[in-house]
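See structure below.
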Amino acid sequence: MTSSVDGVAVPPWLRRVVHRTPADPHRINPVLDRRAPRGAITREAAVLVLFGGPVEADPLMSGGLPAGADVLLTQRASTMRQHSGQVAFPGGASDPGDEGPIATALREAQEETGLDPSGVRPLAVLEEIFIPPSGFDVTPVLAYWEKPSAVGVVDPAEAERVARVPVHTLIDPRNRFQVRHPAGYQGPAFAVDGMLVWGFTAGILAALFAVSGWEQEWDRRDIRDLDTVLAELDNDLDDDHLTHGHGRPAAER
């Protein structure tokens with residue numbers, strides 16, 4: 001279930017995402033069904049699903065999605081013990097002083113990316129999703145970036161990249177497929193700007209896109225081996241580095 005924040009104005013192009021329950025109409029998204037086993041000891045966490053872009057909808061685009069719409073993502077440092085190198089929403093574990101998941105998501109996003117939380121308008125809170133490897137019950141917090149601020153990597157030990165990824169790039173059918181993990185997991189994925197978005201983050205995005213009115217038809221039969229896709233991305237990045245003589249722009253590292 002989606003719990004909207006009372007009394008908050010929602011940009012027209014985000015209304016379906018905020019007011020409709022995330023969905024998996026084709027039954028390819030196992031993330032949505034993850035709940036902690038009965039009696040399991042879990043830790044509370046929250047992530048910030050932060051959409052930016054114009055307030056006004058584009059009447060010529062499906063669902064009114066404006067050309068400048070984007071979502072804030074981070075890429076975890078390759079040296080991290082868990083989820084190393086994975087693309088994620090900014091977020092993390094709750095602190096005792098946090099007044100609920102919104103406070104956790106904003107605090108963690110500020111610590112990870114340097115964003116100014118005063119420019120973020122929380123819109124809705126989604127149902128908790130259990131992450132088996134870490135034992136976290138993660139609450140996604142949907143928000144609109146009303147007054148965007150500069151962002152970047154704050155602690156290289158935690159993240160190696162912070163990026164505002166265009167939503168139009170994510171929903172492009174050429175960038176969508178499924179990945180299969182060696183352990184048996186299979187679910188939606190996105191390849192964008194040298195990054196592979198899969199697992200929890202891709203599951204949340206796919207579930208929101210399914211109810212957004214923005215989604216374009218894509219080939220769900222395109223199922224790729226996770227390790228192969230990651231190796232191909234690494235090779236592409238190495239080739240780009242050799243060709244251009246530098247890495248990613250500083251603002252996106």
Pull up segment 141-156, narrow it to residues that are of a type in the set (A, V, I, L, M, F, W, C) and open to solvent by 60 Å² or more (accessible area, probe 1.4 Å), then point me to the one that is farthest from GLU128 (Cα to Cα).
ALA150
Taking segment 126-180 and the residues there that are within 20 Å of LEU72 (Cβ to Cβ) and of a type in the set (Ser, Thr, Tyr), the one that is farthest from the chain's Cα centre (by Cα) would be SER149
Pairing a residue in segment 105-122 that is more than 16 Å from GLY152 (Cβ to Cβ) and of a type in the set (A, V, I, L, M) with any residue that is open to solvent by 20 Å² or more (accessible area, probe 1.4 Å) and part of a helix (DSSP H, G or I), where Cβ atoms lie under 8 Å and the two sit 6 or more apart in sequence or on different chains, gives LEU106/PRO117; VAL120/LEU106
Residue in segment 176-200 that is surrounded by the most Cβ atoms within 10 Å (Cβ to Cβ), counting only those that are touching a helix residue (DSSP H, G or I) at 6+ places or on another chain (Cβ under 8 Å) and part of a loop (DSSP other than H, G, I, E, B):
TRP198
Taking the condition of being closer than 14 Å to ARG174 by Cβ and touching a strand residue (DSSP E or B) at 6+ places or on another chain (Cβ under 9 Å), how many residues in segment 195-219 meet it?
3
Any chance GLU56 is in a strand (DSSP E or B), touching a Pro at 6+ places or on another chain (Cβ under 8 Å) and surrounded by fewer than 18 Cβ atoms within 10 Å (Cβ to Cβ)
no
Filter segment 2-44 for residues that are among the polar types (S, T, N, Q) and surrounded by fewer than 17 Cβ atoms within 10 Å (Cβ to Cβ); which is farthest from GLY135 (Cα to Cα)?
SER4
Out of segment 152-194, which residues are touching a strand residue (DSSP E or B) at 6+ places or on another chain (Cβ under 7 Å), of a type in the set (Gly, Ala, Ser) and closer than 19 Å to ASP234 by Cβ?
ALA159, ALA163, ALA189
VAL197 is checked against (1) under 23 Å from ASN235 (Cβ atoms); (2) of a type outside the set (S, T, N, Q); (3) at pLDDT below 95 and fails just one. What number does that condition carry?
(3)
Residues in segment 157-171 that are among the hydrophobic types (A, V, I, L, M, F, W, C) and open to solvent by 30 Å² or more (accessible area, probe 1.4 Å) total 1
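The values are calculated or read from the model by the stated rules, or taken from the named source; none is laboratory data. Just so it is clear, the structure is predicted and the values come from calculations on it, not from any experiment. For neighbour counting, all protein chains shown are included, and Cβ atoms are generated from backbone atoms with ideal geometry for every residue, glycine included. Surface accessibility is based on the protein's heavy atoms, side chains included, excluding ligands, DNA and RNA. Shrake-Rupley method; radii C 1.70, N 1.55, O 1.52, S 1.80 Å.
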